[in-house]
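Q: Following this message is one structure expressed as structure tokens.
The values are calculated or read from the model by the stated rules, or taken from the named source; none is laboratory data. This is a predicted model, so every value here is computed, not measured. Because the Cβ atoms are built from the backbone with ideal geometry, glycine has one as well, and the counts that use them run over all protein chains shown. Surface accessibility is based on the protein's heavy atoms, side chains included, excluding ligands, DNA and RNA. Shrake-Rupley method; radii C 1.70, N 1.55, O 1.52, S 1.80 Å.
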Amino acid sequence: MAEGDVRLLAPFDPIVWDRRRFETLWGWAYRFEAYVPAAKRVRGYYALPLLWRDDVIGWGNLAVVDNRLQSQLGYVSGKPPRDARFKRALDEELERLRTFLGLA
């Protein structure tokens, strides 16, 4: 992965699965919520941790609706980074996922 890339990580990625380590490294708690009742979910059914550079800055909930990829992103800071490089890298990651899913 090149510096500046954005990646949406699987909820079971080695970076994520040790909750205590994750919280120590990134200062916020991530929990896979697929088995949490909907009313108690904080980030979403299948929220994917959002890695940018060397920091997990948020999460993304993705779905395919009418053969199109929809994404709802959340950020620990409450808003996305203002850096134009982030926006480009995020667009590239979403396009990579579209191609992987056969939607591009």
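Q: Find how much the distance from ARG88 to TRP17 grows on full extension, using 0.36 nm per residue of separation minus their present alpha carbon separation; answer in nm with one decimal.
A: Full extension from ARG88 to TRP17 adds 22.8 nm.
Q: For the chain, with the dipole built from +1 on Lys and Arg beta-carbon atoms and -1 on Asp and Glu ones, taken about the Cα centre, which of GLY102, GLY27, ALA38 lies farthest toward the positive end?
A: Positive-end residue among those listed: ALA38.
Q: A follow-up question, please. In whole percent, and with a 1.4 Å probe on the protein chains, what portion of the accessible area of the stretch 1-46 is carbon and sulfur? If you can, show how the numbers build up before the last one.
A: Details: 1770 of 3300 Å².
Solvent-exposed carbon and sulfur of the stretch 1-46 make up 54 percent of the total.
Q: Please list the equivalent ellipsoid semi-axes of the chain, computed as the square roots of five times the alpha-carbon gyration tensor eigenvalues, in descending order and whole angstrom.
A: Numbers: eigenvalues 88, 69, 31 Å².
Whole-Å semi-axes of the equivalent ellipsoid: 21, 19, 12.
Q: Please calculate how many Å² of accessible area the stretch 44-92 carries per residue, with a 1.4 Å probe and no DNA, RNA or ligand atoms counted. Mind showing how you got there, number by number?
A: Values: 3160 Å² over 49 residues.
It amounts to 64 Å² per residue over the stretch 44-92.
Q: Could you check the spin-label model distance between ALA29 and TYR75? Points 7 Å from the Cα along Cα→Cβ, value in nm.
A: Between ALA29 and TYR75, the simple spin-label model gives 2.4 nm.
Q: Under the 0.36 nm per residue contour assumption, what length would be gained going from the current alpha-carbon distance of ALA10 and ALA104 to full extension? Before the final figure, lay out each step's value.
A: Numbers: separation 94, 0.36 × 94 = 33.84 nm, distance 2.09 nm.
Answer, rounded to one decimal: 31.7 nm.
Q: Please identify every one of the GluC sites (Glu not before Pro) in the stretch 1-70 that sits in a loop by DSSP and has no more than 14 other beta carbons within 10 Å of its own beta carbon.
A: On the way: sites: GLU3, GLU23, GLU33; in loops: GLU3, GLU33.
The qualifying sites are GLU3.
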